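Below is one structure, written out as structure tokens; the observations come after it.
The values are calculated or read from the model by the stated rules, or taken from the named source; none is laboratory data. None of the values given here were measured: they were computed from a predicted structure. Every residue, glycine among them, receives a Cβ derived from its backbone with ideal geometry; neighbour counts consider all protein chains shown.
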Amino acid sequence: MSATLYFDLGSPYAYLALERLERFDLGEVELEAISLGALFKLTGRSSWARSAGREVGIAEVEARASAYGLPPMRWPKGWPGNYLHANRACLVAEERGALEEFASAALRAAFTRGIDLSDDAAVLGIAQSVGLHADHVREQIEAPEIKERLRANTDEAFAAGAVGVPTLRLDGRLFWGDDQLEIAAASRRPQTRLRS
């Protein structure tokens, strides 16, 4: 069984999914940072956070966090912003074997402390807090190979059929949304047949 979770650090739903991932029997899940903005361009979609339904969406996220037993949500000022550098920093963290730790710390900082991940200084501080060298991360987020890897990850997600984040790809099936983790986990269980 192979599983990949496509995410973007600007997504509160990605935060909800990553916080609960270990609650489910999904096997090894590979995290893959993408650019949600670039995915939106590919799919012709846009963010609910920039629509008339913004307040409804925020209330839904807050209700889910509460129902899941997570800390109260705090929204970064100006959210959503530009998270391109933050998502590239995920790839730098991945090279150092610290992707899960960095992504979790960044999402918690954003959505429980209201830290703006479109601020490079904030991202570098989070990187340093998980043992990464801030100067190295600062340098690498502008490296052509990191830029290309984020593009490739996004293209891969699009080719797989993802239209938003978080999207879990599990054995060729896609589960879009943090609320789909239960369904994904149930799909892995062997079906019991009743005798007639």
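Observations
- For the range 48-67, the tally of residues that are crowded, with 16+ Cβ neighbours inside 10 Å and either under 14 Å from the mean Cα position of the chain (by Cα) or small (Gly, Ala, Ser) (or both) stands at 2.
- Checking each residue in the range 30-47 for being under 17 Å from the mean Cα position of the chain (by Cα) and among the polar types (S, T, N, Q) picks out Ser35, Ser46, Ser47.
- When restricted to residues that are surrounded by 15 or more Cβ atoms within 10 Å (Cβ to Cβ) and touching a His at 6+ places or on another chain (Cβ under 9 Å), the range 139-159 contains 1.
- Taken together, the residues in the range 73-117 that are farther than 24 Å from Ile141 by Cβ and in a helix (DSSP H, G or I) amount to 0.
- Among the residues listed as Leu16, Leu5, Leu70, the single one being outside any helix (DSSP H, G or I), out of contact with any Ser or Thr (no Cβ under 7 Å at 6 or more places or on another chain) and surrounded by 20 or more Cβ atoms within 10 Å (Cβ to Cβ): Leu5
- Residue in the range 127-135 that is among the aliphatic types (A, V, I, L, M), crowded, with 19+ Cβ neighbours inside 10 Å and over 19 Å from Leu16 (Cβ atoms) present: yes
- Glu139 vs. criteria without any contact (Cβ under 8 Å) to a residue 24 or more places away in the chain, out of contact with any strand residue (DSSP E or B) (no Cβ under 7 Å at 6 or more places or on another chain) and more than 24 Å from Trp79 (Cβ to Cβ): yes
- Some residue of the range 101-124 being at pLDDT 95 or above, closer than 18 Å to Leu31 by Cβ, of a type in the set (Lys, Arg) and out of contact with any helix residue (DSSP H, G or I) (no Cβ under 8 Å at 6 or more places or on another chain): no
- For the range 160-169, filtered to residues that are in contact (Cβ under 8 Å) with a residue 60 or more places away in the chain and either in a loop (DSSP other than H, G, I, E, B) or basic (Lys, Arg) (or both), the residue that is surrounded by the fewest Cβ atoms within 10 Å (Cβ to Cβ) is Val163.
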